[in-house]
Amino acid sequence: MNLHAELKIALEAAAEPGRAAPMQAYMRDQFIFLGVAAPQRRMAAKGLLASLKGIDAATLLEHAQRLWQQPQREYQHVALDMLALHRRQLDVSHLPTLLALVRQRAWWDSVDGMAGIVGAVLQAERRRGGDGHAHMAEALRHDDFWLRRIAMLHQLGWRGDTDAGRLFDTALALAHEDEFFIRKAIGWALRDYARHAPETVAAFANAHRQRLSALSYREAMKHQPS
């Protein structure tokens, strides 16, 4: 099977050219699009990605890198779908490669998708008794704010597995930043954990209200009882 040739055929067949311009505008004209909406993209690629079952990590990452180099944004989304589907093939040794990949053509859509994959790898490592969070400590200190965003968001959806201390420490480490995507990420991560521990998040947010931006605080408290 020639994965990339068949993906090209499948995506182009699913494309609605009239969608391309609005999709591009939504991404502030940073990327070009074929015009394939997310549900159609997933459907078009589903069988091809499923056929990679058992693929080794090195080949998986090679495919992701090749998809990342394609000009149309849908290919980066397919790469993320592929990495998420086969995330069990990845471990913490692959995190530097994943973080280096996401810095290419970075924007919130690819960064947030990669945050979920990184989080899944770290959660699996934690369940095996390991840590792996040294990579997130490095990301938190990185000059690239997109990696700092991943450091903030990678525990999304962890619920009871969340390392609350690390979550709160990361929020405070980033609280001084003016960058919108960081402030939004702080609020989003806190709001997500509040679904599991609303009182804990409310106590943290209120205790540090003067350090958190108004946006971060508002997002953190969005679904708290009034």
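The values are calculated or read from the model by the stated rules, or taken from the named source; none is laboratory data. Nothing here was measured: the structure is a model prediction, and the numbers come from that model. All Cβ positions, even for glycine, are placed from backbone atoms using ideal geometry, and neighbour counts span all protein chains on display. We work out accessible area using only protein heavy atoms, side chains counted, and drop any ligands, DNA or RNA first. Shrake-Rupley method; radii C 1.70, N 1.55, O 1.52, S 1.80 Å.
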Practice item. May I ask you to compute the full-extension gain from H223 to A58, defined as 0.36 nm times their residue separation minus their alpha-carbon distance, rounded to one decimal in nm? Key: 55.2 nm
Check your understanding: Modelled label-to-label distance, K46 and R127, 7 Å Cα→beta-carbon offset: nm?
Key -> 2.4
Exercise for review: Mind giving me the nanometre distance, one decimal, between the label points for I9 and R103, set 7 Å out from Cα along Cα→Cβ?
Suggested key: 3.8
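I need the calculated FRET efficiency for the pair A134 and M1, taking r as the beta carbon distance and R₀ as 25 Å, to the nearest 0.05.
Plugging the Cβ-Cβ distance into 1/(1 + (r/R0)^6) gives 0.10.
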Point to revise | Within straight-line cross-link reach of K222, lysines at Cα separation under 27 Å, skipping those fewer than 8 residues along the same chain | key: K184
Revision key, fill the gap. Any residue on another chain or 5+ positions along whose placed amide H is under 5 Å from the amide H of I32 is listed here as R73
Check your understanding: Taking springs between alpha-carbon atoms closer than 10 angstrom, which of S110, S216, S51 fluctuates most in the Gaussian network model of the chain?
Key -> S51
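Within the accessible area of the chain, what % is carbon and sulfur when the probe is 1.4 Å and the other protein chains stay in place?
Details: 5660 of 11080 Å².
About 51 percent, which is the carbon plus sulfur part of the accessible surface.
Can you tell me the FRET efficiency between N206 and A38 if r is taken as the Cβ-Cβ distance and R0 is 45 Å, rounded to the nearest 0.05?
Numbers: r = 37 Å, r/R0 = 0.82.
About 0.75, to the nearest 0.05.
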Review point. What does a probe at D161 reach in region 178-204, counting residues whose amide N is under 18 Å from the point 7 Å along Cα→Cβ?
Key: 189-190, 192-197
**Study point:** Residues of type lysines that K53 reaches as a straight line, Cα spacing below 26 Å, ignoring anything fewer than 8 places off in the same chain
**Key:** K8
Point to revise | Most fluctuating residue given options G157, G187, G54, as computed from a GNM of the chain linking Cα atoms under 10 Å | key: G54
